[in-house]
1. Looking at chain B as a GNM with Cα springs under 10 Å, which of B:Phe129, B:Phe260, B:Phe120 has the largest mean-square fluctuation?
2. Go ahead and run the numbers for FRET between A:Trp264 and B:Thr153, Cβ-Cβ distance against an R0 of 56 Å, rounding to 0.05.
3. Determine the relative contact order of chain B: mean sequence separation of Cα pairs under 8 Å and six or more apart, normalised by residue count, in whole percent.
4. Could you sort A:173-186, A:131-144 so that the peptide with the highest average Cβ count within 10 Å comes first and the rest follow in order?
5. Can you give me the distance in nm between label points at A:Glu223 and A:Lys174, each placed 7 Å from the Cα along the Cα-to-Cβ direction?
6. Report relative contact order for chain A in percent, whole number only (criteria: Cα-Cα under 8 Å, sequence separation at least 6).
7. On a 0 to 90 degree scale, rounded to 10, what angle separates helix B:249-258 from the longest Cα axis of chain B?
8. Quick check: the angle from helix B:30-59's long axis to the longest principal axis of chain B, C-alpha only, nearest 10 degrees?
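All of the numbers you see were taken from the coordinates with simple rules; none came from a lab. Being a predicted model, the structure only gives us computed values, none of them experimental. Every residue, glycine as well, gets a Cβ built from its backbone with ideal geometry; the counts of neighbours run over all protein chains shown.
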Amino acid sequence: MTVHSFQEHFDNLIDREITIEPKDWMPDDYRKTLIRQISQHAHSEIIGMLPEGNWITRAPSLRRKSVLLAKVQDEAGHGLYLYSAAETLGVTRDDLYDQLHSGKAKYSSIFNYPTLTWADMGAIGWLVDGAAIMNQVPLCRTSYGPYARAMVRVCKEESFHQRQGFEIMLTLSKGTEVQRKMAQDAFNRWWWPSLMMFGPPDAESPHTEQSVRWRIKRMTNDELRQKFIDVTVEQAKILGLTVPDKNLKWNEERGSYDSGAINWEEFWNVVKGNGPCNKQRLETRKKAWDEGKWVRDAAMANAEKRKQRKEKAAQAA
Amino acid sequence: MKLAYTLRLADDALIIGHRLSEWCGHGPILEQDIALTNTALDHLGRARSLYQYAAQQFNELPEAEKQTAFTSVAIQNLVNAGAAVSEDDMAFLRDGWDFRNTLLVEQPNIDWAYTVARAFYFDTYNYFFCSALKNSADTTLAAIAEKSLKEATYHLRWSSEWVVRLGDGTDESHERMQKAINELWSYTGEMFVASDAEKAMADQGIGVDVSKLKSLWMQRVQETLADATLAMPQAGWMQQGGKDGRHSENLGYILTELQFMQRAYPGMEW
């Protein structure tokens, strides 16, 4: 086959919604875009462990502590299968870590915001995991097989996380005055960053068109954001919380909520590294990695010693 | 005495689980981060079963004994209000000197070698302990031990493998592992010296005679250290006090974090 016919074959699979598998030919741009997207997603899971991990030792009940620990552990698991999916495209996990640690690779900016009270554990589950699900459910049918399969599992667990987050918020909203205040305060801080999770407006989103064609993306940023707003505003009513947007208004004609302008200047600043916790998050991960080097070296050295002993024993026999 | 005994076991489980949970998100290898969190969850699960049982026993005490069982004003307030206490009250409202965990489990993580050494000493003990407690005359404790034994078997395998990996890895890991094994050694003796509650419960066939676990523990530790090309620490002075509520300075800080929410916002549902 010529390159031309490889491309035709690939386009044909895409058009027929047949998944692309690791051994299939794929255009370089497709591979590059997927590596970027999957690794960003994996990094987001790993960095995302930190804001919630921040409350594990302070969780207010033993049950909440167990659930939170299990949740953060799930995120580590998501990171693991996403790194594995990226590895099928010909990169190593260590390369991807290097890109994260050097600041070359990005991760979801939402994790650069601090978790200040217990209510943040509720708000993150409810809003951040809720937004993540909206972004991710379409990816269960994405064109690249290993990514699509990883996402099926991720989405199942995320929807459990979202429910437990909402349940934390519900408990707070039925609680005492200070608990309701905690819930509202967390909502105020996480609402806008959650809307930013869907990425820049469609008009300014450089990757959207090609990604939709490849089913790496299946809905545009603005479509997903609107869907999230419409669902979440109704949930906020159940919680008795006020959406921190004075311009929020039901639009009868569109059958959707109109909402106020997002502060994109803040968004781009957080992306560029100026968020409240960018430095701390990255330094924490780098520290874990650097301080773990001797442990990884030891594990490798021990495995090598065992292998050699086994070979020696086999030769002697 | 059974209440004190149940809490003694629960406190070990909670505090070592707390220490291990501090690693979550900070592990040297992603797979090991997950494994350690799993172990933390096992310990926390065991702590919960034991605290639930302890709370049940506490709620059945005569009123006068409830008043004097713990110094905590928060618990006394609950008792005065006629409220039943829960697993959470046992964990989050007792004062430090009412905690009965060993000094070993409250020692800080420091690095992967110390964490592995602490886990290895405790897991070896816990494996033999659960093997014995599953024959307890108390059916609740026997059931908890039976469930825990499966987990403890896995924990011991995990920590033994890491002792060997680090001991017989690189020069640096060997040195670090030997240091951690040596430094934590003085906290191991306490596990085998029975407190009054442990003696009383062992006499009634409810608890385990911990002094009898020592030789089993010692043999297993010796074998694993030999596999790991590590030297057995020299016998010497052993630290004690945790089982009587005299803790290291570490426990105060653990409880400061652990109990923060319940102490700052008393009597709320979460």
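1. B:Phe260
2. Working: r = 55 Å, r/R0 = 0.98.
The pair A:Trp264/B:Thr153 has a calculated efficiency of 0.55.
3. Details: 368 pairs, mean separation 61.9, N = 270.
Computed value for chain B: 23 percent relative contact order.
4. Values: A:173-186: 17.6, A:131-144: 20.7.
For the peptides A:173-186, A:131-144, the packing ranking is A:131-144, A:173-186.
5. Taking the simple label geometry, A:Glu223 and A:Lys174 are separated by 3.8 nm.
6. Details: 343 pairs, mean separation 55.6, N = 317.
Taking the mean separation of contacting Cα pairs over the length of chain A, I get 18 percent.
7. 60 degrees
8. 30 degrees
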